[in-house]
Amino acid sequence: HKAKGKLTCRERIAALVDPGSFREINMLAETQTFEFDMQKKKILGDGVVTGFGTVGGRKVLVYSQDVTVFGGSAGRAHGEKINLLLRMSRKIGVPVVGLYESAGGRIQDGMQNESGYGQMFWENTQCSGVVPQIAAIMGACTGGGVYSPAIMDFIVQVKSTAHLFITGPGVIKEVTGEENSFESLGGTDVHARQSGVAHLAADSDQHCCELIRKLLSYLPSNNRETPPVMRSQDEPDRAAEKLIEIVPAEPTKTYDMRDVIRELTDLGDFFEIHPGFAKNIIVGFGRLDGKVVGVVANQPRVLGGVIDIDAADKAARFIRFCDCFNVPLIVLADVPGYLPGSDQEKRGIIRHGAKMLYAFSEATVPKITIVIRKYYGGAIPAMCCHETGADLLLAWPTAEFAMLGSKAAVPILYRKEIAEAADPEKVRQEKIIEYKETILSPYYSASKQYVDGVIRPADSRRWLIWGLDLFKDKKPELKVWKKHGNIPL
């Protein structure tokens with residue numbers, strides 16, 4: 001285990017929590033199974049270490065599976081230890097971190113597994129939206145061992161040494177004839193870039209624990225608290241002058257939206273989530289005047305910033321997490337629309353795209369949107385306009401508002417005038433300019449009160465901080481009673 005560059009299960013806990021803060025519970029638990037001579041194979045702890053400690057001085061509950069004991073497999077006693085910790089997290093309102101390396105359910109325990117291991121999924125679900133749940137994949141996790149992490153809020157996976165799959169390469173080859181390595185089937189290149197299962201990829205066990213510590217610094221302990229506030233070393237009234245240099249006025253030219261985000265946040269603080277997956281949209285945590293915010297932004301550098309199936313899924317899940325844990329949302333829009341094409345339609349862009357509409361409409365935290373350039377078509381409500389819950393909707397002078405861009409709209413709106421003109425191309429160009437200066441103009445939208453203000457780019461940070469202060473005591477409106485809505489999953 002050590003030769004592979006891994007930390008042991010207890011070393012992983014030590015790397016995660018504050019020095020000397022961990023206290024172990026149920027360390028004497030043993031398997032209660034009698035079949036298959038299991039009473040002769042009792043090992044104290046039954047393959048998982050559970051307990052509590054602090055991270056950055058704040059309480060956290062931790063469990064760490066030990067792959068050197070029964071392959072980290074989860075039997076009844078093993079599962080019951082974790083389930084106790086999950087129930088405890090709800091009672092005391094403390095985040096829970098699971099450090100996973102497991103061969104899945106322990107076969108020898110048979111149906112006893114369901115009262116330990118199967119129960120884990122129920123406990124994870126009850127914790128969802130109550131306390132933050134973070135999973136670290138630090139070795140091979142297979143079969144049922146992948147589903148507890150999948151229900152949790154964030155998954156951090158270690159590169160090269162950690163793999164995540166339901167069915168291993170050997171079984172797949174036997175059943176389908178397809179050959180795969182552990183890495184090609186369930187490595188970070190698969191889950192942090194393609195499937196989106198992993199939110200963050202870590203270089204090592206130590207780096208994984210560092211990422212979790214940083215992630216926890218942005219999160220409240222439970223859904224009744226607000227995120228921790230840090231004393232800002234950045235001026236709240238600072239003008240973000242570099243934004244004019246970062247963003248080209250021409251809508252056809254590209255730029256990196258992450259540069260915009262870092263110019264707006266305190267000292268460039270931005271912790272991106274899912275950085276390798278669905279790169280055409282950006283989500284992550286930052287701070288404005290010391291207060292945590294969640295950022296959702298289009299990325300013009302990738303596919304022009306369009307919204308596709310993966311981008312919609314990525315954004316909707318992040319929006320819902322922020323709403324669960326009282327994290328205000330900042331939306332930076334530069335979006336030409338949803339990605340067109342038969343592949344997207346066949347794979348369900350309608351259903352997936354609707355998740356963003358649902359997530360923003362349902363969220364009750366403060367929501368402030370700034371339109372930087374393009375704000376077109378069905379992507380307008382997807383990027384949080386007033387109708388889908390924006391509390392404040394602002395625009396730069398470079399913003400364009402329309403159901404269609406000028407090149408697509410003009411031939412439809414002025415078809416007759418263009419066709420009958422002596423010089424059709426001249427008339428078409430004139431109409432494009434006219435369309436841009438009227439319908440597309442942010443001042444036109446502001447005159448209709450669709451936009452609350454057209455602001456100088458350099459004032460964007462100030463407006464965001466003012467807006468957050470204005471809506472900090474926002475109360476959710478009374479709603480019709482229901483158990484919960486039915487998001488188009």
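Determine if the range 234-254 includes at least one residue that is under 30 Å from Val130 (Cβ atoms) and either open to solvent by less than 60 Å² (accessible area, probe 1.4 Å) or outside any helix (DSSP H, G or I) (or both). No, the range 234-254 contains no residue that is under 30 Å from Val130 (Cβ atoms) and either open to solvent by less than 60 Å² (accessible area, probe 1.4 Å) or outside any helix (DSSP H, G or I) (or both). Looking at Ala395, Ala382, Ala422, just one residue is small (Gly, Ala, Ser) and modelled with pLDDT under 95, and that residue is Ala422.
Any residue in the range 210-231 that is modelled with pLDDT under 95 sitting within a Cβ distance under 7 Å of a residue that is open to solvent by 100 Å² or more (accessible area, probe 1.4 Å)? List the pairs, counting only those 6 or more apart or interchain. Close Cβ pairs satisfying both conditions: none exist.
Of the residues Arg213, Arg231, the single one that is basic (Lys, Arg) and farther than 29 Å from Lys2 by Cα is Arg231. Against the criterion of being in contact with a Pro (Cβ under 9 Å, 6 or more places away or on another chain), in contact (Cβ under 8 Å) with a residue 40 or more places away in the chain, buried (at least 24 other Cβ atoms within 10 Å of the Cβ) and under 21 Å from Trp463 (Cα atoms), Asp334 qualifies.
I'd like the full set of residues that are surrounded by 10 or more Cβ atoms within 10 Å (Cβ to Cβ) and among the basic types (Lys, Arg), limited to the range 455-489. Arg456, Arg461, Arg462, Lys472, Lys474, listed by residue number.
Just to be sure I understand, how many residues within the range 164-184 are out of contact with any helix residue (DSSP H, G or I) (no Cβ under 9 Å at 6 or more places or on another chain) and either open to solvent by less than 50 Å² (accessible area, probe 1.4 Å) or at positive phi (or both)?
Taking the range 164-184 and keeping what is out of contact with any helix residue (DSSP H, G or I) (no Cβ under 9 Å at 6 or more places or on another chain), we get 170-171, 173-177.
Still in the running and either open to solvent by less than 50 Å² (accessible area, probe 1.4 Å) or at positive phi (or both): 177.
Number of matching residues: 1.
Would you pick out the residues in the range 255-303 that are in a loop (DSSP other than H, G, I, E, B) and either within 20 Å of His352 (Cα to Cα) or of a type in the set (Lys, Arg) (or both)? If the condition is that a residue be in a loop (DSSP other than H, G, I, E, B) and either within 20 Å of His352 (Cα to Cα) or of a type in the set (Lys, Arg) (or both), then His274, Pro275, Gly276, Phe277, Ala278, Lys279, Asn280, Gln299, Arg301, Val302 are the ones that fit.
Taken over the range 119-153, the residue count meeting the criterion of being open to solvent by 10 Å² or more (accessible area, probe 1.4 Å), within 30 Å of Asn180 (Cα to Cα) and under 16 Å from the mean Cα position of the chain (by Cα) is 3.
The lone criterion from (1) within 20 Å of Pro236 (Cα to Cα); (2) in a loop (DSSP other than H, G, I, E, B) left unmet by Lys482 is number (1). Taking the condition of a type in the set (Val, Ile, Thr), touching a strand residue (DSSP E or B) at 6+ places or on another chain (Cβ under 7 Å) and in a strand (DSSP E or B), does Val327 pass? Spelling it out, it is not the case that Val327 is of a type in the set (Val, Ile, Thr), touching a strand residue (DSSP E or B) at 6+ places or on another chain (Cβ under 7 Å) and in a strand (DSSP E or B).
For the range 337-443, please list each of the helices (runs of 4 or more DSSP H) lying entirely inside it that holds at least 1 residues being open to solvent by 70 Å² or more (accessible area, probe 1.4 Å). So the answer is 342-347, 349-362, 406-413, 415-420, 424-437.
Scanning the range 212-229 for residues that are outside any loop (DSSP other than H, G, I, E, B) and open to solvent by 20 Å² or more (accessible area, probe 1.4 Å), we see that the one that is nearest to Arg90 (Cα to Cα) is Arg213. Can you find a residue that is of a type outside the set (A, V, I, L, M, F, W, C), surrounded by fewer than 23 Cβ atoms within 10 Å (Cβ to Cβ) and modelled with pLDDT under 95 anywhere in the range 44-64? Yes, that holds for at least one residue. Summed over the range 295-319, the residues that are under 25 Å from Leu219 (Cα atoms), in contact (Cβ under 8 Å) with a residue 40 or more places away in the chain and crowded, with 22+ Cβ neighbours inside 10 Å give a count of 10.
Could you tell me whether the range 204-211 includes any residue that is farther than 26 Å from Val335 by Cβ, crowded, with 17+ Cβ neighbours inside 10 Å and among the acidic types (Asp, Glu)? Taking every residue of the range 204-211 in turn, at least one turns out to be farther than 26 Å from Val335 by Cβ, crowded, with 17+ Cβ neighbours inside 10 Å and among the acidic types (Asp, Glu).
Filter the range 269-307 down to residues that are acidic (Asp, Glu) and touching a Pro at 6+ places or on another chain (Cβ under 7 Å), then give me how many there are.
1
The lone criterion from (1) at pLDDT below 80; (2) under 30 Å from Arg347 (Cβ atoms) left unmet by Lys479 is number (2). Within the range 65-112, take every residue that is closer than 27 Å to Gly187 by Cα and assigned to a helix (DSSP H, G or I) and give me the one that is modelled with the lowest pLDDT. The selected residue is Ile107.
The values are calculated or read from the model by the stated rules, or taken from the named source; none is laboratory data. Just so you know, these numbers come straight off a predicted model, no measurement behind them. Cβ coordinates were reconstructed from backbone atoms using ideal geometry, including for glycine residues, and neighbour counts include every protein chain displayed. Remember, those area values only see protein heavy atoms, side chains included, never the ligands or the DNA or RNA. Shrake-Rupley method; radii C 1.70, N 1.55, O 1.52, S 1.80 Å.
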